[in-house]
Every structure is written in C-alpha cells, then in structure tokens.
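Heads up: the structure comes next, in structure tokens.
The values are calculated or read from the model by the stated rules, or taken from the named source; none is laboratory data. Nothing here was measured: the structure is a model prediction, and the numbers come from that model. When we count neighbours, we look across all protein chains shown, and the Cβ atoms used for this are built from the backbone with ideal geometry, even at glycine. Each accessible area value is taken on the protein alone, full model and side chains, heavy atoms only, with ligands, DNA and RNA left out. Shrake-Rupley method; radii C 1.70, N 1.55, O 1.52, S 1.80 Å.
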Amino acid sequence: MSTGSLVVEVVRSGFVESTHRARMLAVAADGSAVRVHGAVDALVSPRSSMKPFQALGMVRSGLALEGELLALACASHDGEAFHVDGARRILAGAGLDEDALRCPEDLPGDAASREEVLRSGGGKARIYMNCSGKHAAMLATCAANDWPLETYLDPAHPLQRAIRTAVEELTCEKVAATGVDGCGAPLFFVSMTGVARAFRALVLAEAGSPERRVADAFRDHPEWTSGTTRPEARLMRAIPGLLVKAGAEAFDAFAFEDGRAGAVKIEDGGQRARVPVTVAALRALGLDAPELADLAAGVLYGGGRPVGEIRLGGRP
C-alpha cells in the first residue's frame, strides 16, 4: 500500500512543464485500503460527487422517480437536449415549471448544445445549468411532502435535513461543516474515507432498497448523470457495474458492484489531472478495460497534432 505523494505531470515535447499533486484512496471489496496517497482522512469538499446521496435523501423522502429521471436527479449534466427535456419532465410531474428553480442561470456545458441555444436566439437559463436535474428533483420531493418550495435550499429545510441524515449515515461521519455549492445547495464537508465508504454502501445495498435504486439508475443511464461524451460516462460504459461521479475542483468518487471503491482529489483543482488519477485508482483495484487507455494519459496537442501527455509521475 502506497502512502507517499502522488504527482501528475503535464509533459509537452518531452519537457515536464507543470505538475499537480493528488490525493487518492482505493479500497478492496472488503473495505481495506489498497492504495493511499495524501491526507485521505482530512476534511474535503466533494462537491457534486455527493449528488447520489442528495438523491438518496430525496428517494427516502418519497421522490417517485425511476430510470433515467432518477439518474438525472444525481447528475452534473451537460445541458444536452435530453437532459433539459428530462428536467422539465421532473418539474411537470410535480405540477411545476422552470420558474421554481433556484439554481443559477447558465448555458449548456456541451458545445454543440450551447451553440444551438445561441443560434436559436436563446441565452442563459436555469434549466440549462448542470444541476437543474437535481434541483428539479428537490422541488418534486418538496411538492410530494407539502414542504415549502421557495426555501428548499435552506440548510434548515426538511429536505436538506433529510439529505444531511443520508450523508452522515452512509459516510459514518458527522458532517463537520456546511457550505454552499456552486448551484446554491448546501455542501457537506466530510473525509475522502467517508466518501468511499458511502459509495460502497450504495452499490452493496439490498436490491430494491433506496440506495440500490439510486445506484442502479446511475449505472444504467451513465449519459444522464453526466453527458454523452463525458469521461465519467465513458468509464461506466467501459466497466459495467461501475459507478463514477465527478465533482467540481477535481474530485472523483467511484464504486464497483462488488464493493471496490475509491475517491480522488487533485489538490489545486486542476480538472485535467482528475481522470488519469481515477484510472490509476481503478487499475490499482484490478478494474481496467482497453477503452481506458486514452483516459489514463490525456493527450496534449500543438498545432493540431499530439505533442505530449498528462500522466502520473513521481514524487516531488
């Protein structure tokens, strides 16, 4: 088991021009640590990697979604047409529309979808924001319980208290601090060890339980939880049974159906280093596929041709 520093090197034309330091935790099916780098027991902000547990709190509170719409409730989506349509379907099922959303306005993250919106004369809207599926599901949960809609993002709201309970139960940790995520929802600070423990609990839960409903919807519809071309969807398609959720500031968490799990955090928030470290964590657990080769070492381009890579390096 490794415990030293882990560095990602950005190599251009044979020269290491930048480095990123990473934390990594990879645990075996029995929960024992296989590979550890950095302070994995320190507090961390998992950001959107916690969306499956936000969805779990909603399902436990009566959210009646299944399949791709439940996956969308866990999503950091790219604003592709099917994502936007799905968020509107969730709202309509609760008798609501986009005006009820309290996430920020944004344009789709997917380039083609963004260009289509702009070409058609559109602009930023809450429904395009990458968290709109989660926010729509939060509103649907409130509607099902006759909870206030306008204050659904308040940490003291019954919805957010239910989500916090789910987070603490599955991480087996008390939330150390509460912040505000980019979408305006409460953000809970726990450890990477707790995050990996929580992801294991999702995939190992009994079939038909709220935990497994979330995990199964997530894995059955990977494009709905991220986007058609996103690395997380590619990883889940390449390794059936794998659940991967990315978070802002370069956080990743994952679990395989047998309980192998892990979490990754790039210290400086550099997203380009995130996926190579996640692939390394998966490989340390014996989870690999030919399709992961290009994700393991991101390609750098110069003048339209490959001139370097992003790879795991040595210790600084």
Give me the pairs, please: first residue somewhere in segment 125-153 and farther than 20 Å from residue 115 by Cα and modelled with pLDDT of 95 or more, second residue anywhere and among the acidic types (Asp, Glu) and assigned to a loop (DSSP other than H, G, I, E, B), beta-carbon distance under 6 Å, and either six or more positions apart or on two chains. none
Please go through (1) modelled with pLDDT of 95 or more; (2) buried (at least 22 other Cβ atoms within 10 Å of the Cβ); (3) part of a strand (DSSP E or B) for residue 307 and return the number of the only condition it doesn't satisfy. (2)
Is at least one residue of segment 83-106 within 14 Å of the chain's Cα centre (by Cα) and at negative phi? no
Could you give me the residue pairs with C-beta distances under 8 Å whose first residue belongs to segment 1-16 and is among the basic types (Lys, Arg), whose second residue is modelled with pLDDT of 75 or more wherever it lies, and which are 6+ apart or on separate chains? 12/300; 12/302; 12/307; 12/308
Which ones in segment 252-267 are more than 27 Å from residue 18 (Cα to Cα), open to solvent by less than 20 Å² (accessible area, probe 1.4 Å) and not in a loop (DSSP other than H, G, I, E, B)? 255, 261
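May I ask you to verify whether residue 88 is among the basic types (Lys, Arg) and farther than 18 Å from residue 64 by Cα? So that I can check it myself, show each step before the final result.
Values: among the basic types (Lys, Arg): yes; farther than 18 Å from residue 64 by Cα: no.
It is false that residue 88 is among the basic types (Lys, Arg) and farther than 18 Å from residue 64 by Cα.
Being farther than 23 Å from residue 232 by Cβ and either open to solvent by less than 40 Å² (accessible area, probe 1.4 Å) or touching a strand residue (DSSP E or B) at 6+ places or on another chain (Cβ under 7 Å) (or both) is true for just one of 22, 42. Which residue is that? Working first, answer last.
Details: 22 fails: farther than 23 Å from residue 232 by Cβ.
Of the residues listed, the single one that is farther than 23 Å from residue 232 by Cβ and either open to solvent by less than 40 Å² (accessible area, probe 1.4 Å) or touching a strand residue (DSSP E or B) at 6+ places or on another chain (Cβ under 7 Å) (or both) is 42.
Which one is farthest from the chain's Cα centre (by Cα) among residues in segment 257-267 that are touching a residue at least 60 places away in the same chain (Cβ under 8 Å) and more than 14 Å from residue 44 (Cβ to Cβ)? Spell out the reasoning first.
Quick first cut of segment 257-267, residues touching a residue at least 60 places away in the same chain (Cβ under 8 Å) only: 258-267.
With more than 14 Å from residue 44 (Cβ to Cβ) added as a condition, the list becomes 258-261.
On the way: 258: 20, 259: 18, 260: 17, 261: 14 Å.
Residue satisfying both the conditions and the ranking: 258.
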Against the definition (farther than 20 Å from residue 254 by Cα, touching a Gly at 6+ places or on another chain (Cβ under 7 Å), touching a residue at least 12 places away in the same chain (Cβ under 8 Å) and open to solvent by 50 Å² or more (accessible area, probe 1.4 Å)), how does residue 47 come out, yes or no? no
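If I filter segment 82-111 down to residues being among the acidic types (Asp, Glu) and in contact (Cβ under 8 Å) with a residue 12 or more places away in the chain, which single residue comes out as surrounded by the most Cβ atoms within 10 Å (Cβ to Cβ)?
First, pick out the residues of segment 82-111 that are among the acidic types (Asp, Glu): 85, 97-99, 105-106, 110.
Adding the requirement that they be in contact (Cβ under 8 Å) with a residue 12 or more places away in the chain leaves 98, 105-106, 110.
Details: 98: 16, 105: 12, 106: 20, 110: 22.
Ranking the qualifying residues of segment 82-111, first place goes to 110.
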Can you pull out the residues in segment 268-302 that are assigned to a loop (DSSP other than H, G, I, E, B), over 17 Å from the mean Cα position of the chain (by Cα) and at pLDDT 95 or above? 268, 285, 286, 287, 288, 289
When segment 112-134 is checked residue by residue, the ones that are over 17 Å from the mean Cα position of the chain (by Cα), charged (D, E, K, R) and buried (at least 20 other Cβ atoms within 10 Å of the Cβ) are 126
Here is a list of conditions, (1) farther than 30 Å from residue 61 by Cα; (2) buried (at least 22 other Cβ atoms within 10 Å of the Cβ); (3) among the hydrophobic types (A, V, I, L, M, F, W, C); (4) in contact (Cβ under 8 Å) with a residue 60 or more places away in the chain, and residue 279 meets all of them except one; can you say which number that is? (4)
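If the requirement is being among the hydrophobic types (A, V, I, L, M, F, W, C) and in contact with a Gly (Cβ under 7 Å, 6 or more places away or on another chain), which of these qualifies: 281, 289? Please lay out each step first, then the result.
Numbers: 289 fails: in contact with a Gly (Cβ under 7 Å, 6 or more places away or on another chain).
After ruling out the rest, the residue left standing is 281.
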